[in-house]
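Enquirer: This is the structure, below, for whatever I ask next.
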Amino acid sequence: MYALLDGNNFYVSCERVFRPSLRGRPVIVLSNNDGCAIARSNEAKALGIAMAEPWPYIKRRLPDAGIVALSANFTLYGDMSNRMMAIAAGLGPSQEIYSIDECFIDVTGVPGDLVARAHKVRERIAHWIGVPCGIGIAPTKTLAKFANHVAKEADRKPGAPYPAHLAQVCNLAAVPQDELESFFEATEAREVWGIGRQISKQLEAEGVRTMLDLVRMDPVVARRRFSVVVERTVRELQGTPCMAFEDQPAPRKQVACTRAFGDPVTTLAPLEEAVSEYATRAAFKLRQDGSVAAEVLVFVHTNPFRTHEKQYARSATVPLRRPTADTAAIVQSALRGLREIFRPGFRIHKAGVMLLDLRDAHVEQGELDLEDDAPDEPRVRKLGAAMDRINDRFGRGTLQLAAAGVGGDARSWTMKQQWRTPQYTTNWAHLPVAHA
Ligand SMILES: [Mg+2]
């Protein structure tokens, strides 16, 4: 038995926790560089704002709707997510964090009333974190996803098509068979998890329109006429679990930090600053994962959509002398790569650093200790850990290598984020003040 817990309009909900005046208003969160909508409040959805709709179009189309547009504040969302997931874990013995705002919990064998327990967890998240969420419970992951959809829709529009008593928490296993079939009939096949736009078109061409059509399909026929993916989905909808539960996060294969610039960059100095900062951030992620990298890849390119401009795109891979998570070594290699690929005369739009060939730091360390040409290694590791602690406590960029420049957000290459809210939960300087 699985539960799926999912934060409602998660990014917008995180913003509303610290700015209650945003409640009841159409709010959207914009992608990096304030490009397009990546989260919408219910009020924004009601205005017909589509996912990924570019902000300039929205502004032109709805000049008087009172829309509040915010720049993405991923530091805040990531921290709020960790807090929400920690409480969600109380639902059952194991948890698979599926995305920033969704997790599956294996609730097999959990004693007592599951629905009451889910309501309690939901209330605790609302009370302690301030984010509303929905919980779906069912025998398979695909059905749990659907149960979550029912919980949300019943909350938003009670009675159409799902009954009000299933709002917020829906346990499909407790819904009588004939009622369940009426839900399936009222739901289009493309709403089903794993049925993308492409597959739903193929299904429709064969007369499979609703979820009920899918549920009634013979899995063998599903594989023959469509694919193993459709077969697996059909089996899951019929109540047979076919998808693995992954409570151990897969080790990262690479760590990257890439950004588009607010304004194009044409000279080497600001690029060096940007690449130094990206390499610093990537090294930080690496240390948090307990990994070391063997290679650094650095790239720059112009804006491919500005076809009237001269185009340039290059990358370089620089091997590290030994696998490491040391900021200074990684920054130096990234800069060496950058100087190799930089050519003047181009309007560079994006740059990035990727750390490749990642390995477990402990395993590598065991091997390193056998060598004796690294007397500085313990000192270097202590320096990195100390920088991480200071930056954790006082905010990102408090302490950095001088190569990253000292201009703060005024540096010419920083990202355009006009409407970013403070890092309320992770930066002492941004701590909200309550007035009595
Ligand atoms: Mg969500």
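The values are calculated or read from the model by the stated rules, or taken from the named source; none is laboratory data. Worth saying up front: this structure is predicted, and the values here are computed from it rather than measured. Here the Cβ is made from the backbone with ideal geometry for all residues, glycine too, and neighbour counts use every protein chain on show. Accessible surface areas use protein heavy atoms only, side chains included; no ligands, DNA or RNA. Shrake-Rupley method; radii C 1.70, N 1.55, O 1.52, S 1.80 Å.
Conditions (1) assigned to a loop (DSSP other than H, G, I, E, B); (2) within 19 Å of Ala385 (Cα to Cα), marked per residue:
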| residue | (1), (2) |
| --- | --- |
| Arg259 | no, no |
| Ala283 | no, yes |
| Phe299 | no, no |
| Phe305 | yes, no |
| Glu309 | yes, no |
| Pro323 | no, yes |
| Ala328 | no, yes |
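Enquirer: Give me the pairs: first residue in region 98-118 and under 15 Å from Ala86 (Cβ atoms), second residue within 16 Å of the ligand (Cβ to nearest atom) and of a type in the set (Val, Ile, Thr), beta-carbon distance under 8 Å, and six or more apart or on different chains, which are they?
Expert: The qualifying pairs are Cys103/Ile97.
Enquirer: Pull up region 310-331, narrow it to residues that are in contact with a Lys or Arg (Cβ under 7 Å, 6 or more places away or on another chain) and free of Cβ contacts under 8 Å to residues at least 40 places away in the same chain, then point me to the one that is nearest to Glu273 (Cα to Cα).
Expert: Val318
Enquirer: Hey, which of the helices (runs of 4 or more DSSP H) in region 161-252, taking only ones fully inside, have at least 1 residues that are in contact with a Pro (Cβ under 9 Å, 6 or more places away or on another chain)?
Expert: Details: elements: 177-186, 197-205, 211-215, 219-225, 228-237.
It comes to 177-186, 228-237.
Enquirer: When the residues of region 28-38 are filtered to those that are open to solvent by less than 10 Å² (accessible area, probe 1.4 Å) and either within 29 Å of Ala89 (Cα to Cα) or of a type in the set (S, T, N, Q) (or both), which remaining residue is farthest from the ligand (Cβ to nearest atom)?
Expert: Here the answer is Ile28.
Enquirer: Testing Arg16 on (1) in contact with a Lys or Arg (Cβ under 9 Å, 6 or more places away or on another chain); (2) away from the ligand (no atom under 16 Å from the Cβ); (3) part of a helix (DSSP H, G or I), one condition comes back false. Which one is that?
Expert: (2)
Enquirer: Here's something else I'd like to know. Kindly evaluate Tyr11 against the criterion of being among the aromatic types (Phe, Trp, Tyr), open to solvent by less than 50 Å² (accessible area, probe 1.4 Å) and within 16 Å of the ligand (Cβ to nearest atom). Show your work before the answer.
Expert: Details: among the aromatic types (Phe, Trp, Tyr): yes; open to solvent by less than 50 Å² (accessible area, probe 1.4 Å): yes; within 16 Å of the ligand (Cβ to nearest atom): yes.
It is true that Tyr11 is among the aromatic types (Phe, Trp, Tyr), open to solvent by less than 50 Å² (accessible area, probe 1.4 Å) and within 16 Å of the ligand (Cβ to nearest atom).
Enquirer: Say we look at region 412-434 and pick out the residues that are among the aromatic types (Phe, Trp, Tyr) and open to solvent by 30 Å² or more (accessible area, probe 1.4 Å); which of these is modelled with the lowest pLDDT?
Expert: The qualifying residue modelled with the lowest pLDDT is Trp419.
Enquirer: Let me ask something else. Can you name the residue in region 91-114 that is open to solvent by 20 Å² or more (accessible area, probe 1.4 Å) and in contact with a helix residue (DSSP H, G or I) (Cβ under 6 Å, 6 or more places away or on another chain) and is also farthest from the ligand (Cβ to nearest atom) among such residues?
Expert: Ranking the candidates gives Gln95 first.
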